[in-house]
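Reading through the C-alpha cells given below for one structure.
Values in this text are rule-based calculations from the coordinates and carry no lab data. Since the structure is predicted, the reported quantities are computational estimates derived from the model, not experimental observations. We place every Cβ from the backbone using ideal geometry, glycine too, and count neighbours over all the protein chains shown.
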Amino acid sequence: MNDVQVTVEYFAQARAAAGGTAREQLSIAAGAALADIVGQIARNHGQRMTALLFGPNGSISPSIILAVDGVQVSPADEILLRGGETIMIIPPISGGQP
C-alpha cells in the first residue's frame, strides 16, 4: 500500500505529551486502522503519551476522545484511514468550579 498523510491535532494534556505540538502531519499506510495510528502516535511521543492513550490492559483508554474529521469515534470502531483525514486527540478535561 502507498503511504498517505493525515493530520493529528492534540489538545490539553495530549499537546503537552506531544512536546507542546498542537498539530502534526503523520505518514501512514493507506487503509491503516485508527487504532494502529494511535499506537504509532504513542511510539512517536514516548511514555507520557502512551500512558495518556492506553489503559493498564494495553487497549486505548475509554476516557480519550478521538475524532476523525470532526466526528467523534469510539476507540473500538474499525475506522480505516485513506489519507487526508484530521485526527483529534482530546484527553479528559477537568477543572473549573465544583
Problem - Degrees between helix 34-45 axis and first principal axis of the chain (Cα, 0 to 90, nearest 10) - result: 70
Completion exercise
Relative contact order in percent for the chain (Cα pairs under 8 Å, 6+ apart) equals 37
Problem - Within the chain: Cβ-based charge dipole about Cα centre, in debye rounded to nearest 20 (Lys, Arg +1; Asp, Glu -1) - result: 320
Fill in the blank from the handout: Taking only the alpha carbons of the chain, the radius of gyration and the largest Cα-Cα distance, Dmax, both in angstrom, are 13.1, 50
Handout entry: Additional length obtainable on full extension of the chain from Leu80 to Gln5, 0.36 nm per residue less Cα span
Key = 25.7 nm
Exercise for the section: List, in order, the whole-Hz ³J(HN,Hα) value for each residue of the stretch 25-33 obtained from phi through the Karplus relation with A = 6.51, B = -1.76, C = 1.60 and θ = phi - 60°; use x for Gly and Pro. Expected result: 8, 10, 8, 9, 6, 4, x, 5, 7
